[in-house]
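Q: Before I ask anything, here is the structure I am working with.
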Amino acid sequence: MTIRALPLPPTDAETDAWTAVLTAAQAVDLPQAPPPARTEVAGRLRVTPARGRAALWAADGGAGVAAGVAALLLFTDEANAHTAYLDVLAVRPDARRRGLGRALWERVRAELLAQGRSSVMTLVDLGGPGERFARSLGFQNVLPMAWYEQDVTRQPQAAAGATSPATAEIAPGYALRAWHGLVPDDWAGPLATAHGAMEDAPTGDIDEKTETWTPDKLHAAHRLILDRGGEITTVAAVTATGEVAAYTELVLPDPAGPRALQYDTVVAPAHRGNGLGRAVKLHMLEQARRRYPALRRIATTVADENTPMRAVNESLGYRLDRPAAYYQLSL
C-alpha cells in the first residue's frame, strides 16, 4: 500500500476522492446519517483554523482510488502546543482488515512525535468500529457525551401536554438579538466575554486548554465557518447595559443541505435560572425555519454530565441519536 501526504490545499480530484472515502465509510458505520456534503468536506480540507496547522494523508487502494484518509490538526497556540486533534481517520469498508487503518495511524503518530506532541484527542462514535480501533491503539474515553437531533419540521410544545407550539419569550430585563454571519463589532466584546462562561462546562480529562476569548478570536472562529463555505447565526439574550447574558450558535456547513449543527449554547452564571437557554434556542429555531426552508434536522453534542443542558434540549424536542465520547491518547 502507498500512503502519501496531500498538498495543502488538496486538488479537486483529491477532495473528491476524500469525500468518496468518507461517504462509503459512513454508509456502513452510520447508515442513518445523511452522506457528507462535498461543500463541507472541501471547506474543512482547504481552510485550516488560525490556531492550528493541518496534515493530510491518503492511502492508495489500487487503480488510483483512495482507500483511506487521515487528517490531523496540530494546535499552534502556546497553551496547546503539546497536543493535537485527530479530525479524520477513515477506511473504505471494502479495504478494511488489511492493516490500512493501522498504517495511516502510524503516519499520524510519527508526525505527532516529530512535532513534539505529548497527547492527541479525537471524537468517536461509541459501539462501532471507530471505538474498537481507538481502544486498540490505547486511546481512553475522557469525556462521555452523545449526539442529539431535533426535527425542525416539528414545533416544540410550550409545556408538557400543551397543544400549542412554543414561542420564544424572554424574561423581563432582557431582549433577543440575532446576527447572521460575523457579529457586529460593538457586540463582539460582550459576546467574547460570554464565551468565557464555557469554562465551567464539563471537559472531563481533556488535555486541551481552554483559550481566552477576545473579539478578534471570536471573529476568527466565525470567519473560519464562512471561509469554509458555511453559514453561522448567533442569537443572544442581552441586557439594557449591553451585556450578553446568554447566546447560542447555529452552523450550516452546507447552507443548501438539510442538516445544521448547534454549536455553543451558554448562559452566563449571573443570569441562570431565567429560562434564557430555552429562549435563545427557540428564537434560533424560528430564525432557522425562515432562513433555511430546506433545513430538516439540527444536531448537537452534550456531555453526559451536563444535566441542565440535556433537560433544555429535551424540552425543545431533541432526541438521542447516538452515544459518543472524546477519546485521548498520551504519547
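The values are calculated or read from the model by the stated rules, or taken from the named source; none is laboratory data. All of these numbers come straight from a predicted model, not from anything done at the bench. FYI the Cβ positions are ideal-geometry reconstructions off the backbone, even for glycines, and counts take in every protein chain you see.
Q: Starting from residues that are assigned to a helix (DSSP H, G or I) and among the polar types (S, T, N, Q), keep the ones in the stretch 1-36 and report whichever is nearest to Val124 (Cα to Cα).
A: Gln26
Q: How many of the residues in the stretch 222-269 are modelled with pLDDT under 95 and assigned to a helix (DSSP H, G or I)?
A: Total satisfying the criteria: 1.
Q: Can you tell me which residue among Arg51, Arg92, Arg44, Arg98 is in contact with an Asp or Glu (Cβ under 7 Å, 6 or more places away or on another chain), of a type in the set (D, E, K, R) and touching a residue at least 60 places away in the same chain (Cβ under 8 Å)?
A: Answer to the check: Arg51.
Q: Limited to the stretch 142-159, what total is found for residues that are outside any strand (DSSP E or B) and surrounded by 13 or more Cβ atoms within 10 Å (Cβ to Cβ)?
A: Number of matching residues: 4.
Q: Somewhere in the stretch 127-141, is a residue among the basic types (Lys, Arg), modelled with pLDDT under 95 and surrounded by fewer than 15 Cβ atoms within 10 Å (Cβ to Cβ)? It would help to see each step written out before you state the result.
A: The initial filter retains those residues of the stretch 127-141 that are among the basic types (Lys, Arg), namely 132, 135.
With the extra rule that they be modelled with pLDDT under 95, the set shrinks to none.
Taking every residue of the stretch 127-141 in turn, none turns out to be among the basic types (Lys, Arg), modelled with pLDDT under 95 and surrounded by fewer than 15 Cβ atoms within 10 Å (Cβ to Cβ).
Q: Against the condition of a type in the set (Lys, Arg), more than 30 Å from Ser330 (Cα to Cα), surrounded by 18 or more Cβ atoms within 10 Å (Cβ to Cβ) and in contact (Cβ under 8 Å) with a residue 40 or more places away in the chain, how does Arg223 come out, does it pass?
A: Here the answer is no, as Arg223 does not meet what is asked.
Q: Of the conditions (1) touching a helix residue (DSSP H, G or I) at 6+ places or on another chain (Cβ under 9 Å); (2) surrounded by 15 or more Cβ atoms within 10 Å (Cβ to Cβ); (3) assigned to a loop (DSSP other than H, G, I, E, B), Gly204 satisfies every one except a single condition; which number is it?
A: (1)
Q: Quick check: anything in the stretch 3-10 more than 17 Å from Glu131 (Cα to Cα), within 17 Å of the chain's Cα centre (by Cα), aliphatic (A, V, I, L, M) and modelled with pLDDT of 95 or more?
A: From the stretch 3-10, those more than 17 Å from Glu131 (Cα to Cα) are 3-10; that's our starting set.
Checking which are within 17 Å of the chain's Cα centre (by Cα) leaves us with none.
No.
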